[in-house]
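*Asks:* Pasting in a structure now, in structure tokens, and then I'll have a few things to ask.
The values are calculated or read from the model by the stated rules, or taken from the named source; none is laboratory data. What you are looking at is a predicted structure, and each value in this text was computed from that prediction instead of being measured. In this analysis, Cβ positions are derived from the backbone assuming ideal geometry, glycine residues included, and neighbour counts consider all displayed protein chains.
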Amino acid sequence: MKKAIMVIIGISFIILGGGLIALGYFFGGKFPEFFGFENGKITFGGGTVVEDTVQLSEFDKFEVRMDTSTVHVIHEGTEWKVEYALSKEPEITEKDGKVTIKETGNLISFWNFGSSKKRYVKLYIPADVKLIEEASINTDTGSVHVDKIDFDILRIKSDTGSVYVNAVAVPDAEIKTDTGSMHIDTFTCDKLLTKTSTGSQNFTNAKIEEIDAKTDTGSVKMEESMLTEGKIETDTGSIKLYVKGKLSDYEIHAKTDTGSVKVNGNKQGKKFESSGAHELKLECDTGSITIETED
């Protein structure tokens with residue numbers, strides 16, 4: 001009886017394995033990607049990595065769309081190029097001054113148990129280039145890093161992964177994450193829209209003319225920054241502003257449903273109002289609001 005049960009269990013695992021293999025092929029997978037061995041470890045999807053560097057023509061616009069890879073925009077050197085390590089060769093097109101880089105992997109490619117190989121795309125822009133007109137970066141599972149380059153328009157979207165932006169000036173920017181935090185440092189922007197479903201938004205040394213920031217679950221924190229006007233909302237999470245200028249510079253409308261408002265160390269209850277040239281609306285459903293100025 002016991003032997004018969006073991007046989008049935010064994011057959012069940014064989015059928016399950018065959019089903020997984022069939023599923024992998026259905027979504028475009030191959031044996032080396034779906035199942036294999038790497039350094040003594042079993043790997044599922046992503047065991048194979050294609051690595052290469054492709055020289056690019058000069059461009060002033062770019063779009064990067066990745067499924068399971070980290071994206072780096074690097075402003076250094078003298079070459080226009082893309083360096084990558086991916087499960088498959090990416091689709092790279094150049095037309096009318098725009099480069100488009102798309103991952104051509106499959107749904108199974110994120111099954112990467114036991115593999116130590118990292119997936120990434122590194123887009124290099126020469127150091128003497130001052131401005132990129134328009135950039136769009138979209139990742140499903142992977143972080144985004146943008147450093148030391150200015151744009152006219154910048155759009156970043158990450159489903160699962162954090163966003164890091166450093167030393168960037170842009171008139172019009174939109175940054176969104178579903179699950180992942182934002183880290184924005186030394187940033188100048190005329191109009192900024194940010195949205196996180198689950199994750200915090202952190203700004204340091206930012207100068208923003210108009211901001212519209214919202215988090216569902218996560219805090220918004222600004223340090224050593226200057227805001228001209230805008231609105232910051234959190235459903236579950238705190239708002240902490242350590243801004244340049246005096247309190248009298250700001251027309252503040254701060255309100256929290258569950259929490260308290262504190263201004264320059266003084267508790268204000270659940271609401272606070274002030275008069276000034278720069279209007280800021282701060283709202284929390286569940287969370288506290290802290291405002292510190294240079295007074």
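*Asks:* Within the range 147-161, how many residues turn out to be touching a residue at least 24 places away in the same chain (Cβ under 8 Å) and over 10 Å from the mean Cα position of the chain (by Cα)?
*Replies:* Total satisfying the criteria: 3.
*Asks:* With the requirement that a residue be surrounded by 17 or more Cβ atoms within 10 Å (Cβ to Cβ) and either part of a strand (DSSP E or B) or more than 22 Å from the chain's Cα centre (by Cα) (or both), what does the range 73-87 give you?
*Replies:* Val73, Ile74, His75, Trp80, Val82, Tyr84, Leu86
*Asks:* Looking at (1) among the polar types (S, T, N, Q); (2) farther than 19 Å from Ala173 by Cα; (3) surrounded by 16 or more Cβ atoms within 10 Å (Cβ to Cβ), can you tell me which one Asn266 breaks?
*Replies:* (3)
*Asks:* Identify, by number, the condition in (1) among the aliphatic types (A, V, I, L, M); (2) surrounded by fewer than 23 Cβ atoms within 10 Å (Cβ to Cβ); (3) closer than 30 Å to Phe62 by Cα that Leu192 doesn't meet.
*Replies:* (2)
*Asks:* Inspect the range 109-132 for any residue being buried (at least 20 other Cβ atoms within 10 Å of the Cβ), in contact with a Pro (Cβ under 7 Å, 6 or more places away or on another chain), modelled with pLDDT under 95 and not basic (Lys, Arg) and give the result as yes or no.
*Replies:* Scanning the range 109-132, I find no residue that is buried (at least 20 other Cβ atoms within 10 Å of the Cβ), in contact with a Pro (Cβ under 7 Å, 6 or more places away or on another chain), modelled with pLDDT under 95 and not basic (Lys, Arg), so the answer is no.
*Asks:* Taking the range 253-286 only, how many residues are over 17 Å from Glu223 (Cα atoms), β-branched (Val, Ile, Thr) and modelled with pLDDT of 95 or more?
*Replies:* 3
*Asks:* Out of the residues in the range 157-187 that are surrounded by 18 or more Cβ atoms within 10 Å (Cβ to Cβ) and β-branched (Val, Ile, Thr), state the one that is nearest to Met226 (Cα to Cα).
*Replies:* Ile184
*Asks:* Given Phe187, Phe151, which one is at pLDDT 95 or above, within 27 Å of Trp80 (Cα to Cα), not assigned by TED's automatic domain parsing to the domain that holds Glu233 and not polar (S, T, N, Q)?
*Replies:* Exactly one of Phe187, Phe151 is at pLDDT 95 or above, within 27 Å of Trp80 (Cα to Cα), not assigned by TED's automatic domain parsing to the domain that holds Glu233 and not polar (S, T, N, Q), namely Phe151.
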